[in-house]
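> Please find one structure pasted underneath; my questions will follow.
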Amino acid sequence: MLKNNRHTLWIFLAFWLIINLVQAYFTGLFHDEAYYYFYSRHLAWGYYDHPPLVALFIRSGYLIFHNELGVRLFYVFLSMGTILIVHKLSEVKNEALFDVMIFSFMIFQVTGFLALPDAVLLFFTSLFFLVYRKYTGSYGTKDAVLLGLVMAGMFYSKYLGILVIFFTVLSNLRLLLKKSFWLAVMVTTVLFLPHLFWQYRHDFPSFYYHLLERSHDEIFRWSNFGDFIVGQLGQINPFLFIPVIFFLIIFKPAGSYDKALKFTAAGSLLLPFLLMIKGRVEANWSMAGLIPLFLIAYRMIENRPKIYRFIYISGGITFILIILIRVLMVFNYLPEKYSKMIKLDLYEWEEFSENVSKIAGERPVVFIGSYQNPSEYIFYTGKKAHVFNNALYRKNQFDLERIEEDLQGKEVVLIFPRKTIAPFELLESGTTLNDSIQFPNGRYQSYIIDTNYRTYNFLPVKILLEDNVIKAGTELEIPVIMSNPGVDPVIFNKSGPEIVNLTYYLLQYGKPVIYKKFEDISLLVLKDEYQTSFRMTAPEKPGIYYLKVSVKRGWLPPGINSRLVKVKVE
């Protein structure tokens, strides 16, 4: 019968390979993929947001094909490898059922061709459980070394890989008494040291971003729960979500391997609910648990023939919907009003980049407040671009590439949303914005030729706040130190007639509560360090706030110079 024919798997894999290669070639890059392509132009042991494997796989494929397919090539192969490992772990008796469930699990669709760190994590997570199943049979040295290698692979994929290890250990505390497990930990640690050293040399940017910068503006909202559930429906499948969760709950582990599956799947789904107390969580935070969740679901469903009919019918519906979505990623066949609603933002980036390139000529292009836009521009034109991160945005990989320093004093094209510039700033500077360009999403942004580009995000500022707990209404003086990381002095009056100020923000939930310019440094020549201070009156309203110091040049918005400092007002 078809269901027991092993050729069914190879037919499915051939189909999977073809549709993903075709999709990878014809679909424009998503913004995050373009950003990771920017990573890959300069291979390193780490990047601002993620570990390095995402860039390595992109670079490897781009060496073969200089287009979207090249960016995604090895991710298509990774997806094939993940499915083969999951097939082996599932000990499949019904090939047709397995294929339908793989195609129906939406996360395999997403990672089937997109160049994302999640795809790498899924591959190494499946490989981890394959090695762990063998390791728990003997706890031998050879398997421990393999386990250490795979754990390092997970860590180099995405930091969420640590959850797989945490929940696995939690499911089998005897591991802590096994010398071979500590050997695995040692192997992982040694292999991960280059990344940790990279973090140390760059002042741990990834830790700062994930633990503070990305979450400082969050607030508890009941809607967070609904958003997360909707995200899980999208990652699993709306038709399968309830049965899959039900089977996870009733699944009874038969040994250490089964317990690891259940703990990792359940823990990865439950942990985000605890984090929602602080604020919004992203759907992909459960990524570490999706492989064990599939393994449990398949095993439970395979042993229940009565549910096969539902799986096949829902799989057929899913197939039709998936094909429609995949075609939509290539050809926008929706009416205009619906296109705006879904906001894919996938189309016409190559044409847009060419239009910007015609305006810029040989000038570099600087986008304000978007690392995605310069990433797309760089991919489609190969020309130089940068992002100026204003104070209400965030830092990213562009800050680590030291592009800003190279642009000082050069003629650039500045592109920015009009709302990022205060109207009175334009009025005071006598700057007129007459030109604009339409983005692929239909919105317009202003642009201007800056003949003497000067921004100063490359100058770090340290806030020397003695006590992070202050009384409401208290006035205090806060010292700051601005440093010059380069060899040559920074001469601020090279900005011409435009004034350069030091400013500070006090933020709550990402919104400015206080914003003030506190010192004109236009005549300053910064050689090594410059220490100054500013006075601030604490808000009358108790709560948690975040303090940030920025350098502001002329009519441009303040940049990002200091890290956020948490302030508790009582």
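> Go through (1) out of contact with any Pro (no Cβ under 9 Å at 6 or more places or on another chain); (2) within 19 Å of Ala265 (Cβ to Cβ); (3) among the aromatic types (Phe, Trp, Tyr) and name the single condition Tyr139 misses.
(2)
> Quick one: which residue in Leu121, Leu127, Leu147, Leu78 is in contact with a Lys or Arg (Cβ under 7 Å, 6 or more places away or on another chain), modelled with pLDDT of 95 or more and either more than 30 Å from Phe30 (Cβ to Cβ) or not basic (Lys, Arg) (or both)?
That would be Leu121, the only listed residue that is in contact with a Lys or Arg (Cβ under 7 Å, 6 or more places away or on another chain), modelled with pLDDT of 95 or more and either more than 30 Å from Phe30 (Cβ to Cβ) or not basic (Lys, Arg) (or both).
> Looking only at segment 440-476, filter to residues that are of a type in the set (Lys, Arg) and either touching a helix residue (DSSP H, G or I) at 6+ places or on another chain (Cβ under 6 Å) or within 19 Å of Gln531 (Cβ to Cβ) (or both); which one of those is surrounded by the most Cβ atoms within 10 Å (Cβ to Cβ)? If you could, list the steps in order and put the result at the bottom.
Quick first cut of segment 440-476, residues of a type in the set (Lys, Arg) only: 443, 454, 462, 471.
Next, from what is left, pick out any that are either touching a helix residue (DSSP H, G or I) at 6+ places or on another chain (Cβ under 6 Å) or within 19 Å of Gln531 (Cβ to Cβ) (or both): 454, 462.
Numbers: Arg454: 21, Lys462: 17.
Filtering first and then ranking leaves Arg454.
> Only residues in segment 25-44 that are modelled with pLDDT of 95 or more count as the first member; pair them with residues that are open to solvent by less than 10 Å² (accessible area, probe 1.4 Å) and of a type in the set (Asp, Glu), Cβ under 6 angstrom, at least 6 apart or cross-chain, and list the lot.
Ala34/Glu376
> Then there's this: Looking only at segment 382-398, which residues are open to solvent by 40 Å² or more (accessible area, probe 1.4 Å) and in contact with a strand residue (DSSP E or B) (Cβ under 9 Å, 6 or more places away or on another chain)?
Result: Lys383, Lys384, Leu392, Tyr393.
> Could you list, in sequence order, the residues of segment 408-433 that are open to solvent by less than 50 Å² (accessible area, probe 1.4 Å) and in a loop (DSSP other than H, G, I, E, B)?
Passing the criteria: Gln408, Gly409, Pro417, Ile421, Ala422, Thr431, Leu433.
> Can you say whether Ser206 is small (Gly, Ala, Ser) and outside any helix (DSSP H, G or I), as far as the supplied structure shows?
no
> A further question follows. Return the residues of segment 241-250 that are more than 19 Å from Pro272 (Cβ to Cβ) and buried (at least 18 other Cβ atoms within 10 Å of the Cβ); say none if nothing qualifies.
Pro243, Phe247
> List every residue pair whose Cβ atoms sit under 7 Å apart, with the two residues 6 or more apart in sequence or on different chains, where the first one lies in segment 51-63 and is among the hydroxyl-bearing types (Ser, Thr, Tyr) and the second, anywhere, is open to solvent by 10 Å² or more (accessible area, probe 1.4 Å) and assigned to a helix (DSSP H, G or I).
Ser60/Phe74
> Also, I was wondering about something else. Exactly one of these conditions fails for Pro238: (1) closer than 20 Å to Ile83 by Cα; (2) open to solvent by 60 Å² or more (accessible area, probe 1.4 Å); (3) part of a loop (DSSP other than H, G, I, E, B); (4) of a type outside the set (Asp, Glu). Give me its number.
Pro238 satisfies every listed condition except (1).
> Can you tell which of Ile301, Ile320, Ile311 is at pLDDT 95 or above and open to solvent by 30 Å² or more (accessible area, probe 1.4 Å)?
Ile320
> Which residue, of Phe192, Phe167, is open to solvent by 10 Å² or more (accessible area, probe 1.4 Å), outside any loop (DSSP other than H, G, I, E, B) and within 22 Å of Gln235 (Cβ to Cβ)? Please lay out each step first, then the result.
Values: Phe192 fails: within 22 Å of Gln235 (Cβ to Cβ).
Of Phe192, Phe167, the one residue that is open to solvent by 10 Å² or more (accessible area, probe 1.4 Å), outside any loop (DSSP other than H, G, I, E, B) and within 22 Å of Gln235 (Cβ to Cβ) is Phe167.
> Taking only segment 131-154 into account, find how many residues are open to solvent by 40 Å² or more (accessible area, probe 1.4 Å) and either assigned to a helix (DSSP H, G or I) or β-branched (Val, Ile, Thr) (or both). Explain how you work it out, then say what you get.
At the first step, the residues of segment 131-154 found to be open to solvent by 40 Å² or more (accessible area, probe 1.4 Å) are 133-134, 137-139, 141-142, 145-146, 149.
Restricting the remaining residues to those that are either assigned to a helix (DSSP H, G or I) or β-branched (Val, Ile, Thr) (or both) gives 133-134, 137-138, 141-142, 145-146, 149.
Residues meeting the conditions: 9.
> Filter segment 553-570 for residues that are of a type in the set (D, E, K, R) and not in a loop (DSSP other than H, G, I, E, B) and give the result. Explain how you work it out, then say what you get.
Within segment 553-570, the subset of a type in the set (D, E, K, R) is 553, 563, 566, 568, 570.
Scanning segment 553-570 gives Arg553, Lys566, Lys568.
> Applying the selection to segment 511-570, what residues are of a type in the set (S, T, N, Q) and in contact with a Gly (Cβ under 6 Å, 6 or more places away or on another chain)?
Going through segment 511-570, the residues of a type in the set (S, T, N, Q) turn out to be 522, 531-533, 537, 550, 561-562.
The answer is Ser550, and nothing else.
> Got a sec? Which of Ser180, Ser206, Ser157 is in contact with an Asp or Glu (Cβ under 7 Å, 6 or more places away or on another chain), of a type outside the set (Phe, Trp, Tyr) and either under 23 Å from Tyr393 (Cβ atoms) or surrounded by 16 or more Cβ atoms within 10 Å (Cβ to Cβ) (or both)?
Ser206
> Select from segment 480-495 the residues that are open to solvent by less than 40 Å² (accessible area, probe 1.4 Å) and either under 20 Å from Pro557 (Cα atoms) or not in a loop (DSSP other than H, G, I, E, B) (or both) and list them in ascending order.
Selection gives Val480, Ile481, Met482, Ser483, Val490, Phe492, Ser495.
> Considering only residues that are closer than 18 Å to Ser286 by Cβ and of a type in the set (A, V, I, L, M, F, W, C), look in segment 210-235 and name the one that is least open to solvent (accessible area, probe 1.4 Å).
My answer is Phe228.
> Could I ask something else about it? Does Leu290 meet the test of being in a helix (DSSP H, G or I) and either over 13 Å from Gly161 (Cα atoms) or touching a Gly at 6+ places or on another chain (Cβ under 8 Å) (or both)?
On the way: in a helix (DSSP H, G or I): yes; either over 13 Å from Gly161 (Cα atoms) or touching a Gly at 6+ places or on another chain (Cβ under 8 Å) (or both): no.
No, not satisfied.
> If you don't mind, another one. Determine which member of the set Ile514, Ile544 is in a strand (DSSP E or B) and exposed (fewer than 15 other Cβ atoms within 10 Å of the Cβ). So that I can check it myself, show each step before the final result.
On the way: Ile514 fails: exposed (fewer than 15 other Cβ atoms within 10 Å of the Cβ).
Answer to the check: Ile544.
> Residues to consider are Lys383, Lys358; find the one that is modelled with pLDDT of 95 or more, of a type outside the set (Gly, Ala, Ser) and part of a loop (DSSP other than H, G, I, E, B).
One residue alone meets the criteria, Lys383.
> Same structure, new question: Given Tyr209, Tyr200, which one is at pLDDT below 95 and among the hydroxyl-bearing types (Ser, Thr, Tyr)?
Tyr209
> I'm trying to understand the selection: among the residues of segment 58-86, which are under 25 Å from Ala297 (Cα atoms), buried (at least 20 other Cβ atoms within 10 Å of the Cβ) and of a type outside the set (A, V, I, L, M)?
Tyr75, Ser79, Thr82, listed by residue number.
> Helices (runs of 4 or more DSSP H) wholly in segment 1-98 with at least 2 residues that are of a type in the set (A, V, I, L, M) - which ones?
Fully inside segment 1-98 and qualifying: 7-26, 53-62, 68-90.
The values are calculated or read from the model by the stated rules, or taken from the named source; none is laboratory data. Treat the numbers as computed from the prediction; the structure is a model and nothing was measured. Note that each Cβ is placed from the backbone with ideal geometry, even for glycine, and that neighbours are counted across all protein chains shown. The accessibility values were calculated without ligands, DNA or RNA, using every heavy atom of the protein model including side chains. Shrake-Rupley method; radii C 1.70, N 1.55, O 1.52, S 1.80 Å.
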